[in-house]
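Participant: Just passing along the structure, written as structure tokens.
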Amino acid sequence: MSEPRITPASTPAYVTNLNPPQRAAVEALDGPVLVLAGAGTGKTRVLTTRLAHILNLNRAWPSQILAVTFTNKAAREMKERVAAIAGDMTEALWLGTFHALGLRILRRHTELVGLKSGFSILDPDDQQRLLKQVIEAAGLDPSRWSPKMLMPAIQRWKDRGLTPDKVSKAEAGEAAGGRLVELYKAYQARLLAVNAVDFGDLLLHCLTLFQQNQDILAEYQRRFRYILVDEYQDTNVAQYLWLRMLAAGHKNICCVGDDDQSIYGWRGAEVGNILRFEQDFPGAQIVRLEQNYRSTAPILAAAGGIISHNAQRLGKTLWTEVNEGEPVTVRQVWDGDEEARVIGEQIQTLARNGHKLNEVAILMRAGFQSRAFEERFLTIGLPYRVFGGLRFYERLEIRDTIAYLRLAAQPADDLAFERVLNKPRRGIGNATLQAIHLTAQASGTPLYTAALRLIEGEDLPARARNALRKAMLDFERWREMAQAENADPVEMAETILEESGYTAMLQADRTPEAPGRLENLKELVRALEEFENLQGFLEHISLVMDNDQTVEEDQVTIMTLHAAKGLEFDTVFLPGWEDGLFPHQRALDESGAAGLEEERRLAYVGLTRARKRALISCAANRRVHGQWVTALPSRFLSELPQDAIVFTSEPGLMGNTAGGSSGSWQGSGYDWGSGSWRRPSAASGGKVVDAAWEVVSRPAKTGTFEVGERVFHQKFGYGRILEIDSNKLHIAFEKTSDKTVVDSFVEKV
């Protein structure tokens, strides 16, 4: 390939319109460059202008430029912007996602990685089916070691560039009886046999291709005179290695990213990739984009105050020429329901003053938080949408649990029966379900009644009949519970989730979504506490689902903080800033200091989504997983600069008078030294609050239970065991009637 013609040119307008750091990033065309682009500093503009500048200066042909993004949408936008500046020179660019570009390379060298032309790319369902075949061929039980549980571990190895021969015994662990690496190897062999790859292979095979064929690697190193990478802080190890190998030729690599916005460690992103850029590319230029064009000065000060506490960062300080703006509000409320009420009222006030609902967002740390807002907004008629996910009552695990409850209340509900008959798996196959349908049609009865008839006859094989009998005995027991006088819906849900194995199924699930699904189930149990009986709850759900069908153009956006990256809104509400929820306890437990720093980056991302106003809230009490706890305010609140925030709380909290209060967070009534709220005094006008201000310490549940023992249940309080039947305890509670509960929800005293 001939060298591109290099011609001098006068400084074009698209360069002179940039601010000095942006221009420096665009014009630094020789050697490695890292552009540290803070939130709202014009990252995309710099990246696309740099690419167009290379083309306009004839520094490279379009086919000699590799531009990598993380999404197809970002690739399309970049192509359109470059075309607007450089004209019709974009068709020959190597511009796309990591996966798309890896696929393009593999298509050219198929045989060298053991594939044939026309190979397939398997979707997640096909991957799991293929892995199931491998598990069965290895003599393992797929119900014990499910593909859904094992596949994430295999994909994590691929994201780290590890082929089966490179996975150490220590990393392999005890999954699949210590045979997971063996399964990984067999899975890869099976993929080759069916001439297919999964998404992880698109880069993994490229790494193998380059490592085993130095001449091909050298060809691509010569070809790509310039490499541009977007969102470099989100790269995983395999992507990092792929880029490093390709950049070793001309070394003209420009990576644009923000170490302060690296929030995807849970899916393989390595913040260390951007932190060690200067080590990987000696002599690299570092350009910091710090002038923010999105947010007000108080918002930037608040975000900067929090992120400055991270040790693992390259460092930058965002600023804006617009020094006006409302201070960030930190509001303390009584509990989660009060939080939803207050935020709903604030949004209504904004709307009455002409604020568009499309420019309002509620950014949560955990998905289960959405329920309180959804129910409140439905009550007051405030239109909303859940962005990047399902509404609370549409989620799979919630629909499954509601189907169980519907079936217990109304056995003739055929849709509910079909949904949960074999979920979790009970060995009831399609043949059995077909037999139930035929019996129901012949007798004109519901499926439930037909199933009861089948288990008494000989029409089903013994194994299928026994599996169905066991399921129907469970269903009958739960139906009797539902029909009992004063049946408690919370007890119903807890019992069904425990005895059906649904909770155990999610606990055994090792996918990243499983913990959130468990949180959602616990939030559903929390919702049931508001209803005296099961029928009232089911009627409420029907109304909620009916209201969900209403479509409004102007809607409040409810979403998680992770889903909000890259978006912006005039007004952002940030609820649930309490330790354990945000920063999330799971992140702290699993990743320690690194987890805390990623949570802090998440707080930074949340704040910098706001253009005009950011409102943080925390609760003095939070109903978490069905238990009341005194919620300690997030440690991030103490890191907020005092001159950028204003504190306010609801009447009666932290010594406030009836009108509420404003002031500094440190003077809010929370004692950072002792780690507890100061109780308001009657003399100060605040109401005296008793046990709700205290974290009640409960002894850990140990061993088996005995008749006569005194126990504690989070909803029903203290009681004494009257009778034990397997894992069910019949208890005489001190402040309510006798009840039968599952032992996993009870603690010894």
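Rundown of residues vs (1) without any contact (Cβ under 8 Å) to a residue 12 or more places away in the chain; (2) open to solvent by 20 Å² or more (accessible area, probe 1.4 Å), yes/no style:
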| site | (1), (2) |
| --- | --- |
| M472 | no, no |
| A504 | no, yes |
| A514 | yes, no |
| V525 | no, no |
| I558 | no, no |
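Participant: Please specify each residue of region 295-313 satisfying the condition of being open to solvent by 20 Å² or more (accessible area, probe 1.4 Å) and under 25 Å from the mean Cα position of the chain (by Cα).
Facilitator: Matches in region 295-313: G304, S308, H309, A311, Q312, R313.
Participant: Okay, moving on. Being touching a residue at least 12 places away in the same chain (Cβ under 8 Å), part of a loop (DSSP other than H, G, I, E, B) and basic (K, R) is the filter here, so list the residues in region 99-152 that pass it.
Facilitator: Within region 99-152, just K116 meets the criteria.
Participant: I'd like to check which helices (runs of 4 or more DSSP H) are fully inside region 507-621 and have at least 3 residues that are more than 28 Å from D488 (Cβ to Cβ).
Facilitator: Numbers: elements: 514-528, 534-547, 561-564, 585-607.
Output list reads 561-564, 585-607.
Participant: What helices (runs of 4 or more DSSP H) lie completely within region 316-416 and have 2 or more residues being crowded, with 17+ Cβ neighbours inside 10 Å and aromatic (F, W, Y)? I'd like the intermediate steps shown before the answer.
Facilitator: On the way: elements: 336-352, 370-380, 396-409.
Counting at least 2 such residues, we get 370-380.
Participant: Here is a follow-up. Do you know which residues across region 173-184 are in a helix (DSSP H, G or I), without any contact (Cβ under 8 Å) to a residue 24 or more places away in the chain and either more than 18 Å from L204 (Cα to Cα) or in contact with a Leu (Cβ under 6 Å, 6 or more places away or on another chain) (or both)? Walk me through it before giving the result.
Facilitator: At the first step, the residues of region 173-184 found to be in a helix (DSSP H, G or I) are 175-178, 180-184.
Imposing the further condition that a residue be without any contact (Cβ under 8 Å) to a residue 24 or more places away in the chain reduces the set to 178, 181.
Across region 173-184, the qualifying residue is only G178.
Participant: Also: Does K43 qualify as being charged (D, E, K, R), surrounded by 19 or more Cβ atoms within 10 Å (Cβ to Cβ) and within 23 Å of A269 (Cα to Cα)?
Facilitator: Numbers: charged (D, E, K, R): yes; surrounded by 19 or more Cβ atoms within 10 Å (Cβ to Cβ): yes; within 23 Å of A269 (Cα to Cα): yes.
Against the criterion (charged (D, E, K, R), surrounded by 19 or more Cβ atoms within 10 Å (Cβ to Cβ) and within 23 Å of A269 (Cα to Cα)), K43 qualifies.
Participant: Across region 271-286, which residue is most open to solvent (accessible area, probe 1.4 Å) among those that are within 28 Å of the chain's Cα centre (by Cα) and without any contact (Cβ under 8 Å) to a residue 60 or more places away in the chain?
Facilitator: Filtering first and then ranking leaves R276.
Participant: Only one of L180, L202, L191 is modelled with pLDDT under 95, open to solvent by less than 10 Å² (accessible area, probe 1.4 Å) and touching a His at 6+ places or on another chain (Cβ under 9 Å). Can you tell me which? Please lay out each step first, then the result.
Facilitator: Working: L180 fails: touching a His at 6+ places or on another chain (Cβ under 9 Å); L191 fails: touching a His at 6+ places or on another chain (Cβ under 9 Å).
So the residue among L180, L202, L191 that is modelled with pLDDT under 95, open to solvent by less than 10 Å² (accessible area, probe 1.4 Å) and touching a His at 6+ places or on another chain (Cβ under 9 Å) is L202.
Participant: Across region 708-731, which residue is nearest to T495 (Cα to Cα) among those that are touching a residue at least 12 places away in the same chain (Cβ under 8 Å) and not in a strand (DSSP E or B)?
Facilitator: Only one residue fits best here, namely N727.
Participant: Looking at region 718-749, which of its residues are open to solvent by 30 Å² or more (accessible area, probe 1.4 Å), hydrophobic (A, V, I, L, M, F, W, C) and in contact with a helix residue (DSSP H, G or I) (Cβ under 7 Å, 6 or more places away or on another chain)?
Facilitator: Of everything in region 718-749, just one residue is open to solvent by 30 Å² or more (accessible area, probe 1.4 Å), hydrophobic (A, V, I, L, M, F, W, C) and in contact with a helix residue (DSSP H, G or I) (Cβ under 7 Å, 6 or more places away or on another chain), namely F745.
Participant: If you take the residues of region 696-717 that are hydrophobic (A, V, I, L, M, F, W, C) and either in contact with a His (Cβ under 7 Å, 6 or more places away or on another chain) or open to solvent by 70 Å² or more (accessible area, probe 1.4 Å) (or both), which of them is modelled with the lowest pLDDT? Step through it out loud before you land on a result.
Facilitator: So the first thing to find is which residues in region 696-717 are hydrophobic (A, V, I, L, M, F, W, C), and the list is 696, 700, 705, 707, 711-712, 716.
Checking which are either in contact with a His (Cβ under 7 Å, 6 or more places away or on another chain) or open to solvent by 70 Å² or more (accessible area, probe 1.4 Å) (or both) leaves us with 696, 700, 707.
Values: V696: 30, A700: 40, V707: 89.
Taking the candidates together, the pick is V696.
Participant: Still on this structure: Which residue pairs have Cβ atoms under 7 Å apart, sit 6 or more places apart or on different chains, and have a first residue in region 26-41 that is without any contact (Cβ under 8 Å) to a residue 40 or more places away in the chain and within 26 Å of E568 (Cβ to Cβ) and a second that is open to solvent by 10 Å² or more (accessible area, probe 1.4 Å) and assigned to a loop (DSSP other than H, G, I, E, B)?
Facilitator: Cβ pairs passing all conditions: V26/L18.
Participant: So, one more: Against the conditions (1) farther than 17 Å from L204 by Cβ; (2) open to solvent by 20 Å² or more (accessible area, probe 1.4 Å); (3) modelled with pLDDT of 85 or more; (4) over 34 Å from the mean Cα position of the chain (by Cα), where does A60 fall short? Just the number, please.
Facilitator: So the condition that A60 fails would be (2).
Participant: Another question, then. Among (1) within 21 Å of W242 (Cα to Cα); (2) over 27 Å from the mean Cα position of the chain (by Cα); (3) among the β-branched types (V, I, T), there is one condition V134 misses while meeting the rest; what is its number?
Facilitator: The one condition V134 does not meet is (1).
Participant: Something else now. Can you find, within region 153-172, the residue that is surrounded by the fewest Cβ atoms within 10 Å (Cβ to Cβ) among those that are over 24 Å from F98 (Cα atoms) and either touching a residue at least 24 places away in the same chain (Cβ under 8 Å) or of a type in the set (A, V, I, L, M) (or both)?
Facilitator: The qualifying residue surrounded by the fewest Cβ atoms within 10 Å (Cβ to Cβ) is A170.
Participant: Among (1) surrounded by fewer than 16 Cβ atoms within 10 Å (Cβ to Cβ); (2) at positive phi, where does G268 come up short?
Facilitator: (1)
Participant: Out of the residues in region 417-437 that are in a loop (DSSP other than H, G, I, E, B) and surrounded by 15 or more Cβ atoms within 10 Å (Cβ to Cβ), which is farthest from the chain's Cα centre (by Cα)?
Facilitator: I428
Participant: So which of P152, P142, P164, P147 ends up being within 20 Å of the chain's Cα centre (by Cα) and not hydrophobic (A, V, I, L, M, F, W, C)?
Facilitator: Numbers: P142 fails: within 20 Å of the chain's Cα centre (by Cα); P164 fails: within 20 Å of the chain's Cα centre (by Cα); P147 fails: within 20 Å of the chain's Cα centre (by Cα).
Selected residue: P152, the only one of P152, P142, P164, P147 that is within 20 Å of the chain's Cα centre (by Cα) and not hydrophobic (A, V, I, L, M, F, W, C).
Participant: Output the residues belonging to region 560-578 that are among the β-branched types (V, I, T) and either open to solvent by 30 Å² or more (accessible area, probe 1.4 Å) or within 21 Å of P633 (Cβ to Cβ) (or both). Break it down into steps so the answer makes sense when it comes.
Facilitator: Step one: of region 560-578, the residues among the β-branched types (V, I, T) are 560, 571-572.
T560, V572, listed by residue number.
Participant: While we're here: Could you please let me know if E456 is loosely packed, with under 14 Cβ neighbours inside 10 Å and at pLDDT below 85? Even if it seems obvious, please write down each step before you answer.
Facilitator: Values: loosely packed, with under 14 Cβ neighbours inside 10 Å: yes; at pLDDT below 85: no.
In short, no.
Participant: On to the next question. Whether any residue in region 466-473 is over 30 Å from R156 (Cβ atoms), of a type in the set (S, T, N, Q) and at pLDDT 90 or above is what I want to check.
Facilitator: Looking for residues that are over 30 Å from R156 (Cβ atoms), of a type in the set (S, T, N, Q) and at pLDDT 90 or above, one finds at least one in region 466-473, hence yes.
The values are calculated or read from the model by the stated rules, or taken from the named source; none is laboratory data. Quantities reported herein were computed from a predicted structural model and do not represent experimental measurements. Neighbour counts are summed over all protein chains in view; Cβ atoms, including those assigned to glycine, are modelled from backbone coordinates with ideal geometry. To get the accessible areas, we keep the full protein, side chains included, count just its heavy atoms, and leave off ligands, DNA and RNA. Shrake-Rupley method; radii C 1.70, N 1.55, O 1.52, S 1.80 Å.
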